[in-house]
C-alpha cells in the first residue's frame with residue numbers, strides 16, 4: 001500500500017471509529033435513536049446520491065428495488081436503530097468493540113446457510129475466541145440489567161450487518177456500491193422519519209448535538225464511504241477492509257480520552273478477542289481473504 005493509501009485507511013478508521021462517540025453526544029442531548037438515525041441517513045444520502053448521479057451509477061437501482069428496500073431495513077435502519085438504542089445503556093467504546101463481531105456472524109451465516117465456508121480449525125477457533133470476548137464484555141464490562149440489554153442490541157446490529165452482506169452478495173446485481181449505499185440510506189431515512197417526528201425533543205438541539213448529527217451523516221457515513229470505495233478501487237477490497245480491525249481501537253481511544261469511559265483489563269481482552277477472532281473467522285490472512293463481506297455501513 002502507498003503512503004496515500006495508508007493515510008486514507010487511517011482517516012477512514014478514525015471516521016468510522018468516531019461514529020459511536022457522536023451517537024453518544026447526540027443521545028446526551030435527549031435526541032431519540034430514531035431521530036439520530038433518520039437525520040444521519042438523510043445527510044448521508046445527500047452526499048452519496050449526487051455523487052452516484054455524477055458517476056452515472058443510478059441506472060441499476062430500478063432492477064434492484066426489492067434488495068434496496070430489504071437492505072435499508074436489515075443493513076441500514078435496523079442496525080443503526082439498535083446501535084443508537086443500545087448506546088443509551090452502554091459506553092461508546094464498548095459499542096465499537098461489539099460491532100466488530102460482524103465477520104463472525106458472516107462466517108456462521110455462510111457456513112450454516114450455504115455451506116460455502118470450510119470449517120477449518122483456524123476459523124472455528126476465531127469464532128470461539130470472539131464468542132468468549134463477547135461473553136466477557138457483556139458479563140463483566142456491561143454489568144447486567146439495562147447495560148446487558150444494550151450490549152445485546154449491539155450484537156444484534158452486527159448480525160444485521162452480516163445478513164446484509166450475505167444478501168448483497170446473492171441478490172444485488174449490476175449496481176455500483178456508491179449508488180446502493182446512497183439509495184439504502186435514503187430509504188432508511190424515509191422509513192425512520194415518522195418515528196423521528198413523533199420523538200422530537202421539547203427543546204431545540206444544542207450546537208454539540210447538531211454538530212454530532214452533521215458529522216455522523218456527512219463525514220462518518222457519506223464521506224467515509226467515498227473514502228472506502230476509493231481504497232477499494234486503488235488497493236482492492238481486502239486491504240480496504242482492514243478498517244474493520246483498526247476502527248474499534250479508535251472508538252476505544254475516543255471513548256476513554258474524550259468521554260472519560262473506563263478501560264479495564266476485561267475491555268482490553270475483549271477488544272483483542274473480538275477483533276482477533278473476527279480476523280481468524282475471516283480466514284486468518286493479512287489482509288483477509290474474503291474481506292468484502294466485512295463492510296460495515298454503521299459506522
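Hey, does the stretch 185-196 have a residue that's over 23 Å from residue 78 (Cα atoms) and surrounded by fewer than 15 Cβ atoms within 10 Å (Cβ to Cβ)? First the steps, then the outcome.
To start, the set of residues in the stretch 185-196 that are over 23 Å from residue 78 (Cα atoms) comprises none.
Looking for residues that are over 23 Å from residue 78 (Cα atoms) and surrounded by fewer than 15 Cβ atoms within 10 Å (Cβ to Cβ), one finds none in the stretch 185-196, hence no.
Give the residue that is nearest to residue 53 (Cα to Cα), with candidates limited to residues of the stretch 166-200 that are modelled with pLDDT under 90 and more than 22 Å from the chain's Cα centre (by Cα). Among those residues, the one meeting the criterion is 174.
Quick check, is residue 238 at pLDDT below 90, more than 20 Å from residue 72 (Cβ to Cβ) and surrounded by 15 or more Cβ atoms within 10 Å (Cβ to Cβ)?
Working: at pLDDT below 90: yes; more than 20 Å from residue 72 (Cβ to Cβ): yes; surrounded by 15 or more Cβ atoms within 10 Å (Cβ to Cβ): yes.
Yes.
Of all the criteria given as (1) under 16 Å from the mean Cα position of the chain (by Cα); (2) surrounded by fewer than 20 Cβ atoms within 10 Å (Cβ to Cβ), the one not satisfied by residue 224 is (2).
Restricting attention to the stretch 52-69, and to residues there that are in a helix (DSSP H, G or I) and buried (at least 17 other Cβ atoms within 10 Å of the Cβ), which single residue is modelled with the highest pLDDT?
Within the stretch 52-69, the first condition is being in a helix (DSSP H, G or I), and the residues that meet it are 52-54, 62-69.
Checking which are buried (at least 17 other Cβ atoms within 10 Å of the Cβ) leaves us with 52, 64, 67-68.
On the way: 52: 90, 64: 82, 67: 84, 68: 87.
Filtering the stretch 52-69 for residues that are in a helix (DSSP H, G or I) and buried (at least 17 other Cβ atoms within 10 Å of the Cβ), the one modelled with the highest pLDDT comes out as 52.
Looking only at the stretch 8-24, decide whether some residue is touching a residue at least 40 places away in the same chain (Cβ under 8 Å), surrounded by fewer than 24 Cβ atoms within 10 Å (Cβ to Cβ) and more than 22 Å from the chain's Cα centre (by Cα). Checked the stretch 8-24: no residue is touching a residue at least 40 places away in the same chain (Cβ under 8 Å), surrounded by fewer than 24 Cβ atoms within 10 Å (Cβ to Cβ) and more than 22 Å from the chain's Cα centre (by Cα).
Residues that are modelled with pLDDT of 85 or more, over 20 Å from residue 269 (Cβ atoms) and assigned to a helix (DSSP H, G or I): does the stretch 129-140 have at least one?
Just the residues of the stretch 129-140 that are modelled with pLDDT of 85 or more, to begin with: 129-138.
Still in the running and over 20 Å from residue 269 (Cβ atoms): none.
No; the residues of the stretch 129-140 include none that is modelled with pLDDT of 85 or more, over 20 Å from residue 269 (Cβ atoms) and assigned to a helix (DSSP H, G or I).
Residue by residue through the stretch 95-116, note down the ones that are touching a helix residue (DSSP H, G or I) at 6+ places or on another chain (Cβ under 6 Å) and assigned to a helix (DSSP H, G or I). Reasoning before the result, please.
Let us first name the residues in the stretch 95-116 that are touching a helix residue (DSSP H, G or I) at 6+ places or on another chain (Cβ under 6 Å), namely 95-107, 109, 116.
Matches in the stretch 95-116: 95, 96, 97, 98, 99, 102, 103, 104, 105, 106, 107, 109.
Criterion first (part of a loop (DSSP other than H, G, I, E, B), modelled with pLDDT of 90 or more and crowded, with 16+ Cβ neighbours inside 10 Å) does residue 90 satisfy it?
yes
The values are calculated or read from the model by the stated rules, or taken from the named source; none is laboratory data. Here the structure is a predicted model, which means the values were calculated and not measured. Glycine gets a Cβ as well: all are built from the backbone with ideal geometry, and neighbour counts include every protein chain shown.
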